[in-house]
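Structure, as structure tokens:
The values are calculated or read from the model by the stated rules, or taken from the named source; none is laboratory data. Predicted model only: the values in this text are computed from it and were never measured. Glycine also receives a Cβ, built like all others from the backbone with ideal geometry; neighbour counts cover every protein chain displayed.
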Amino acid sequence: MILRHVSIDCADPYGLATFWSKVTGWPISGEDRPGDPEVLLEAPSPVPGLLFLRVPEGKAVKNRIHFDWMPTERLRDEEVERILGLGATLYEDHRTADGLGWVTLLDPESNEFCVERSSTERGG
């Protein structure tokens with residue numbers, strides 16, 4: 001079995017896919033347009049794509065599943081600042097004085113996600 005997509009319910013599929021495209025660098029499918037009820041963000045193989053699906057109800061509680069991202073080109077704090085500049089919101093800061101920890105952010109539709117230390121910061 002292959003995990004093909006991770007589906008995310010949202011109010012504005014194209015808008016949320018655009019945010020995540022800027023965060024990840026992954027392209028939006030050439031078949032998708034603003035206003036479409038579902039929009040695919042194409043991840044590099046073998047990573048599953050992110051499929052954004054319009055639903056009528058808004059987010060009401062904390063996500064039961066979320067993404068933990070590890071930067072590859074920047075340090076954690078640089079990546080957090082970049083993503084905040086793209087429209088994320090700081091939710092919880094779990095960084096510690098010794099440089100460990102992570103930061104929990106909210107995307108434009110309030111879905112939680114974490115940014116961890118980069119591989120460089122982990123010593124590898």
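Quick check on the range 95-122: of everything there that is hydroxyl-bearing (Ser, Thr, Tyr) and in contact with a Lys or Arg (Cβ under 8 Å, 6 or more places away or on another chain), which residue is farthest from Asp77 (Cα to Cα)?
Ser110
Could you list, in sequence order, the residues of the range 91-124 that are surrounded by 14 or more Cβ atoms within 10 Å (Cβ to Cβ) and out of contact with any strand residue (DSSP E or B) (no Cβ under 9 Å at 6 or more places or on another chain)?
Selection gives Arg117, Ser118, Glu121.
Within the range 70-83, can you find the residues that are within 20 Å of Leu50 (Cα to Cα) and surrounded by fewer than 19 Cβ atoms within 10 Å (Cβ to Cβ)?
Across the range 70-83, the qualifying residues are Met70, Thr72.
Got a sec? Which of Asp68, Asp93, Asp98, Asp77 is at pLDDT below 95 and more than 16 Å from Ala11 (Cβ to Cβ)?
It is Asp98.
For every residue, the table says whether it meets (1) at negative phi; (2) among the aliphatic types (A, V, I, L, M); (3) not assigned by TED's automatic domain parsing to the domain that holds Asp12.
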position: Ser45; (1), (2), (3): yes, no, no
position: Arg74; (1), (2), (3): yes, no, yes
position: Glu78; (1), (2), (3): yes, no, yes
position: Arg82; (1), (2), (3): yes, no, yes
position: Gly85; (1), (2), (3): yes, no, yes
position: Asp93; (1), (2), (3): yes, no, yes
position: Val115; (1), (2), (3): yes, yes, yes
position: Gly123; (1), (2), (3): no, no, yes
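Please identify the pairs in which a residue from the range 23-46 that is under 9 Å from Pro13 (Cβ atoms) has its Cβ atom under 9 Å from the Cβ atom of a residue that is in a strand (DSSP E or B) and polar (S, T, N, Q), counting only partners at least 6 apart or on another chain.
Taking only residues 6 or more apart or on different chains, the pairs are Glu38/Ser7.
From the residues in the range 9-61 that are basic (Lys, Arg) and farther than 28 Å from Arg74 by Cα, which one is surrounded by the fewest Cβ atoms within 10 Å (Cβ to Cβ)?
Here the answer is Arg33.
Give me the pairs, please: first residue somewhere in the range 55-72 and aliphatic (A, V, I, L, M), second residue anywhere and surrounded by 14 or more Cβ atoms within 10 Å (Cβ to Cβ), beta-carbon distance under 6 Å, and either six or more positions apart or on two chains.
If the second residue must be surrounded by 14 or more Cβ atoms within 10 Å (Cβ to Cβ), the pairs left are Val55/Asp9; Met70/Glu116.
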